[in-house]
Amino acid sequence: MTRIGAIEAGGTKFVCGIGSERGEIEDRISFPTEGPERTIGQAIAYFKGKGVDAIGIGSFGPIDIRPGSPTYGYVTTTPKPGWSNVDLLGALRREFGVPMGWDTDVNAAALGEATWGAARGLSSCLYYTVGTGIGIGVYAEGRLVHGLVHPEGGHTLPRRHPDDAFAGRCPYHGDCLEGMAAGPAIEARWGAKGHGLPAEHPAWAIEAFYLGQSIAGAVLLNSPEKVILGGGVMQQAQLFPLIRAEVKRNLNGYVSSREIVEDIDGYIVPPGLGQQAGLCGAAALGLAALRGAVG
Ligand code: ADP
Ligand code: ZN
């Protein structure tokens, strides 16, 4: 049986596991992201002797995914201390002579959802993670979108909510989507973490305003067949109906597809792979590498 090593390399924690060809996770461990030497060492130690046929890595970023680039496989300009210019893929390649898939955490999750989850059988989807940051993975026409660097949809600039005076907290852009709507922005705006705010708190209408606006824009730009929303903040299930309503309000009848007009509950959805979306996504990258069709 094929054994696929999977690494969900996050800025907060690393999750490593072994997946099957059918997307089942057979074993997993998780450890906090510390310095790169220690953390990558822990990942290597986990896979030693496990007989994996391939490894897939879905990583926090920005990362270099341009084949042929001298820094291909590196985490590049991250503000995370110690992690900028780190050859994450290379460190694993030096230890394991198996095919390796490498992409952003959100592209990995999009591929996992398209392979085994909520977008199974579709040729396009978007995967949003709303957590410590906001990232958007883009799967289109049956493959992951890379392009110049890789999509960075979390840093687009939203129109402001009229009642929101929060300055935003992205170190690069202030009030970009991530600066206004990621978990730390909710905490800074309201003085409490998201899970401490009641479901009827005004925070959620503002959160849905920004996410719905972004999704409406992304629907117009990419025309995805499914939009999947994951990450810690999306544990707040009351956000889903609020976001769907905001997407409809923003589109205002212009996109007249059945999926949006009649069945938006089935169009904007939580990950079909649940909490495993990130790790299954990494496994999907590994499987794609094994089959020689990376990305
Ligand atoms: P990461 O993005 O670091 O991989 P998460 O997706 O868990 O991890 O995101 C962490 C962020 O999400 C934190 O800002 C945290 O406050 C927020 N968060 C986590 N769980 C919840 C929850 N149940 N409700 C609201 N916000 C949450
Ligand atoms: Zn930004």
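The values are calculated or read from the model by the stated rules, or taken from the named source; none is laboratory data. Keep in mind it's a predicted model, so treat the numbers as computed, not measured. Here the Cβ is made from the backbone with ideal geometry for all residues, glycine too, and neighbour counts use every protein chain on show.
Okay, here's what the table says:
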item	result
Conditions (1) over 20 Å from GLY286 (Cα atoms); (2) charged (D, E, K, R); (3) assigned to a helix (DSSP H, G or I); number of the one not met by GLU113	(1)
Test: residue in region 161-171 that is more than 16 Å from ligand 2 (Cβ to nearest atom) and either touching a helix residue (DSSP H, G or I) at 6+ places or on another chain (Cβ under 7 Å) or within 23 Å of ARG120 (Cα to Cα) (or both)	yes
Selected residue [buried (at least 21 other Cβ atoms within 10 Å of the Cβ) and in contact with a Lys or Arg (Cβ under 6 Å, 6 or more places away or on another chain)] from GLY17, GLY5, GLY58	GLY17
Within region 97-141, considering residues that are among the polar types (S, T, N, Q) and within 16 Å of ligand 1 (Cβ to nearest atom), the one nearest to ILE44 (Cα to Cα)	THR104
Sole exception among (1) surrounded by fewer than 16 Cβ atoms within 10 Å (Cβ to Cβ); (2) within 24 Å of THR78 (Cα to Cα) for GLY191, by number	(2)
Meets criteria (within 16 Å of ligand 1 (Cβ to nearest atom), of a type in the set (A, V, I, L, M) and closer than 16 Å to ILE264 by Cβ) for LEU229	yes
Single residue of GLY5, GLY23, GLY49, GLY58 found to be in contact with a strand residue (DSSP E or B) (Cβ under 9 Å, 6 or more places away or on another chain), within 20 Å of ALA283 (Cβ to Cβ) and away from ligand 1 (no atom under 16 Å from the Cβ)	GLY5
Flag for PRO271 being part of a loop (DSSP other than H, G, I, E, B), away from ligand 2 (no atom under 16 Å from the Cβ) and at pLDDT 95 or above	yes
Residue pairs meeting the criteria (Cβ under 9 Å; at least 6 apart or on separate chains; first modelled with pLDDT of 95 or more, in region 237-250; second assigned to a helix (DSSP H, G or I) and among the hydroxyl-bearing types (Ser, Thr, Tyr))	GLU246/TYR210
Residue among TYR72, TYR46 that is over 22 Å from the mean Cα position of the chain (by Cα) and of a type in the set (Ser, Thr, Tyr)	TYR46
Looking only at region 274-294, and only at residues there that are among the hydrophobic types (A, V, I, L, M, F, W, C) and in a loop (DSSP other than H, G, I, E, B), the one that is modelled with the highest pLDDT	ALA293
Condition check for VAL15: in a loop (DSSP other than H, G, I, E, B) and either more than 26 Å from GLY183 (Cα to Cα) or aliphatic (A, V, I, L, M) (or both)	no
Enumeration of residues in region 174-217 that are outside any helix (DSSP H, G or I), more than 14 Å from ligand 1 (Cβ to nearest atom) and either under 29 Å from ILE260 (Cβ atoms) or of a type in the set (S, T, N, Q) (or both)	ASP175, CYS176, GLU200
Selected residue [buried (at least 16 other Cβ atoms within 10 Å of the Cβ), modelled with pLDDT of 95 or more and within 14 Å of ligand 2 (Cβ to nearest atom)] from LEU157, LEU177	LEU177
Hey, GLY133 within 13 Å of ligand 2 (Cβ to nearest atom), over 22 Å from ALA283 (Cβ atoms) and without any contact (Cβ under 8 Å) to a residue 24 or more places away in the chain or not	no
Test for ALA108: is it part of a loop (DSSP other than H, G, I, E, B) and buried (at least 22 other Cβ atoms within 10 Å of the Cβ)	no
